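The values are calculated or read from the model by the stated rules, or taken from the named source; none is laboratory data. Since we're looking at a predicted model, the values are computed, not measured. Positions of Cβ are generated from backbone atoms using ideal geometry, with glycine treated the same way; all protein chains shown enter the neighbour counts.
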Amino acid sequence: MELRTVGFDHPDAQTLTEQVQQEYVVRYGGIDRSPIDPREFDPRGGLFLVCYLDGRPVGCAGWRTPPYSLLLPGDAEVKRMYVAPEARGRGLARRMLAALERDAAAAGRTRMVLETGVAQPEAIALYLSAGYTPIPSYGLHRDSPGNRCYARSLPVTEPVPEQVGEAQL
């Protein structure tokens, strides 16, 4: 398994985010229309990762500084966490989540937040097992009865200089 930092508009990132949108269609009946600007995932204000197995892109995840005023200063938000069906059950999502948390903490973020839904029980199980706790719903889907939001405090770390090339995650 290899994690690479890429731009949100990278072709592999785009392919995987299209796949996660199709997953939302199957599970929820439509795509996630939460507004996303690809620049939100630029270093120091965010990060986007693609997970590769044997050179094939099989997963993605990112964090961004949330655009929602309902959240706290210092928050980082997980977006587009996805592992392709053929690569599930190998701990890839857990490893991507840990990499996002390390990077967000190094960027000075103090809490990771995310939203998911009841039609994604495996995601909820992952987040709970990783120490996330429920918080009030926020964002575009906050009024949806199936919306679930979670947060976890990040460890305080010293900022690190920006790295060049592949992420050391």
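Which residues, taken from segment 54-78, are over 13 Å from residue 14 (Cα atoms), crowded, with 16+ Cβ neighbours inside 10 Å and either among the polar types (S, T, N, Q) or touching a helix residue (DSSP H, G or I) at 6+ places or on another chain (Cβ under 8 Å) (or both)?
63, 64, 65, 76, 78 - these are the residues of segment 54-78 that are over 13 Å from residue 14 (Cα atoms), crowded, with 16+ Cβ neighbours inside 10 Å and either among the polar types (S, T, N, Q) or touching a helix residue (DSSP H, G or I) at 6+ places or on another chain (Cβ under 8 Å) (or both).
Can you tell me which residue among 27, 44, 4 is part of a loop (DSSP other than H, G, I, E, B), out of contact with any Lys or Arg (no Cβ under 9 Å at 6 or more places or on another chain) and either surrounded by fewer than 21 Cβ atoms within 10 Å (Cβ to Cβ) or among the aliphatic types (A, V, I, L, M) (or both)?
Values: 27 fails: part of a loop (DSSP other than H, G, I, E, B); 4 fails: part of a loop (DSSP other than H, G, I, E, B).
None of the others qualify; the one that does is 44.
Quick check on this structure: which one of 80, 109 is in contact (Cβ under 8 Å) with a residue 24 or more places away in the chain, of a type in the set (Lys, Arg) and under 22 Å from residue 2 (Cα atoms)?
Testing whether each residue is in contact (Cβ under 8 Å) with a residue 24 or more places away in the chain, of a type in the set (Lys, Arg) and under 22 Å from residue 2 (Cα atoms) leaves just 80.
Taking only segment 107-126 into account, find how many residues are in a loop (DSSP other than H, G, I, E, B) and either touching an Asp or Glu at 6+ places or on another chain (Cβ under 8 Å) or buried (at least 17 other Cβ atoms within 10 Å of the Cβ) (or both).
Count: 4.
Of the residues in segment 10-31, how many are over 16 Å from residue 58 (Cα atoms) and in contact (Cβ under 8 Å) with a residue 12 or more places away in the chain?
Adding up the residues that qualify gives 2.
Can you name the condition, by its number, that residue 18 falls short on among (1) closer than 25 Å to residue 146 by Cα; (2) acidic (Asp, Glu); (3) surrounded by 22 or more Cβ atoms within 10 Å (Cβ to Cβ)?
It fails just one condition, (3).
Taking the residues in segment 49-92 that are touching a Ser or Thr at 6+ places or on another chain (Cβ under 7 Å) and in a strand (DSSP E or B) as candidates, determine which candidate is nearest to residue 152 (Cα to Cα).
Checking each candidate, the answer is 76.
Determine which member of the set 6, 20, 83 is at pLDDT 95 or above and under 21 Å from residue 108 (Cα atoms).
Working: 20 fails: under 21 Å from residue 108 (Cα atoms); 83 fails: under 21 Å from residue 108 (Cα atoms).
It is 6.
Right, residue 165: farther than 21 Å from residue 40 by Cβ, at pLDDT below 95 and among the small types (Gly, Ala, Ser) or not?
Considered against the rule, which asks whether it is farther than 21 Å from residue 40 by Cβ, at pLDDT below 95 and among the small types (Gly, Ala, Ser), residue 165 comes out as yes.
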